[in-house]
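These notes are about the structure you will find just below.
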Amino acid sequence: MYFEKMLLFGFSGTLLALMMFISIGSVSVYAISIKIESPLSNQKVPVGQLTISGTSSDNSSAQCQVYLDWNNLKPYQLATPTGSNGSADFSKWSFTYTSKYHLIQTGLNDLTSKITCLIPPAGPTVTKWYSINVTGATTSNQSSNVQLPLPTANTQTPASNTQTPASNTQTPASNTQTPASNTQTPAPQSGASVDTTNTSNSNKINLEINVETNPIPAGDRQKVAVTASDPQTGNTLDRVFVRLTIKDPSGNVVKDYTDTDGELSPSFRVDKDITGTYSVLASASQAGIKTTKSTTFIVQ
């Protein structure tokens, strides 16, 4: 009887040790990571196409993929794996923002990377995000290219040719100057084409963000309200999908809220150990129309 008890005790101890080992192994598998290496956060970049690159914790034993988005515009876009272990190695990755998804616009652009990994053999799926903000700006080369179509030089040639019959050609000479002034009209239009900001949706959905306390002491509770309203009447719109994302100074998502009633007003406690400028990103969408807006608050 004593021997049976000892045998049962030994078996229980072995089983407990095995469970602890499996648990420790699972924790290490769950420790995934992702980072955008280039460009740097808060960097100025040219408007238009932009290629970004980064790293992740993906390895030969993991089943991971990396995705990107722009200003929370869904669906996420699959990145290109550039790791040394083949076409499924996302330990290094890149992605190019083009007109097929969205170009970099003038002003603030929120770029979010996401790694999703399936824990073998059959789950669960774990996810982690990393975001940066970049500022789109028109470069000097883009500005000079915009001015090239101006046909001012060509309009002077007819004026000089009309001087041969001196007395009769003075009236046509003055007329040739009129087209010259007209040809300058397209200049602002070609310049406007560089700015890829789409502001047409603001006429259909007005989005407002209100941060209750700014600046706010670390560890205190913060409240952020987002409201989608009709620009004409000012009434809150119902059946509008609203998303509110809060990111810390390093670009990590700390809070993410959604609702379908056209407004959000969550309250949350700010991390007492992380100070700096937090980003507030809001979007509202309905029937294919989407409006985005952003602001910041400082944690001291």
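The values are calculated or read from the model by the stated rules, or taken from the named source; none is laboratory data. As the structure is a prediction and not an experimental result, all values here were calculated from the model. Cβ sites come from the backbone with ideal geometry, for glycine too, and all protein chains shown count toward neighbours. The accessibility values were calculated without ligands, DNA or RNA, using every heavy atom of the protein model including side chains. Shrake-Rupley method; radii C 1.70, N 1.55, O 1.52, S 1.80 Å.
Applying the set (1) closer than 22 Å to residue 73 by Cβ; (2) among the polar types (S, T, N, Q); (3) touching a residue at least 60 places away in the same chain (Cβ under 8 Å) to residue 300 leaves exactly one unmet item: (1). Quick check: is even one residue across the stretch 248-257 under 23 Å from residue 105 (Cβ atoms), in contact with a helix residue (DSSP H, G or I) (Cβ under 8 Å, 6 or more places away or on another chain) and not aliphatic (A, V, I, L, M)? No, every residue in the stretch 248-257 fails to be under 23 Å from residue 105 (Cβ atoms), in contact with a helix residue (DSSP H, G or I) (Cβ under 8 Å, 6 or more places away or on another chain) and not aliphatic (A, V, I, L, M).
So in the stretch 220-244, with the set limited to residues that are of a type in the set (D, E, K, R) and modelled with pLDDT of 90 or more, which one is farthest from residue 73 (Cα to Cα)? By that ranking, first place goes to 220. Within this structure, residue 268 passes the test of being open to solvent by less than 40 Å² (accessible area, probe 1.4 Å), closer than 24 Å to residue 127 by Cα, part of a strand (DSSP E or B) and not acidic (Asp, Glu). Considered as a group, the residues in the stretch 41-53 that are of a type outside the set (S, T, N, Q) and within 22 Å of residue 90 (Cβ to Cβ) include one that is most open to solvent (accessible area, probe 1.4 Å), and that residue is 50. Within the stretch 54-65, if we keep just the residues that are in a loop (DSSP other than H, G, I, E, B) and in contact with a strand residue (DSSP E or B) (Cβ under 8 Å, 6 or more places away or on another chain), the residue that is least open to solvent (accessible area, probe 1.4 Å) turns out to be 58.
Within the option set 254, 242, being outside any loop (DSSP other than H, G, I, E, B) and buried (at least 17 other Cβ atoms within 10 Å of the Cβ) holds for one residue only, 242. Tallying residues that are part of a strand (DSSP E or B) and more than 12 Å from residue 224 (Cβ to Cβ) within the stretch 271-292 yields 10. Once the stretch 87-105 is narrowed to residues that are open to solvent by 60 Å² or more (accessible area, probe 1.4 Å) and among the polar types (S, T, N, Q), the residue that is nearest to residue 54 (Cα to Cα) is 87.
Of the residues 68, 108, the single one that is within 26 Å of residue 284 (Cβ to Cβ), modelled with pLDDT of 90 or more and either part of a loop (DSSP other than H, G, I, E, B) or not hydroxyl-bearing (Ser, Thr, Tyr) (or both) is 68. In the stretch 217-237 there is no residue matching the filter, namely being surrounded by fewer than 13 Cβ atoms within 10 Å (Cβ to Cβ) and under 18 Å from the mean Cα position of the chain (by Cα). Among residues of the stretch 111-127 being open to solvent by less than 30 Å² (accessible area, probe 1.4 Å) and within 15 Å of the chain's Cα centre (by Cα), the one that is farthest from residue 283 (Cα to Cα) is 113.
I'd like to verify a number: residues in the stretch 73-86 that are open to solvent by 40 Å² or more (accessible area, probe 1.4 Å), in contact (Cβ under 8 Å) with a residue 12 or more places away in the chain and part of a loop (DSSP other than H, G, I, E, B), how many? Count: 2. For residue 276, indicate whether it is touching a residue at least 40 places away in the same chain (Cβ under 8 Å) and touching a strand residue (DSSP E or B) at 6+ places or on another chain (Cβ under 8 Å). No; evaluated as a whole, the condition is false for this residue.
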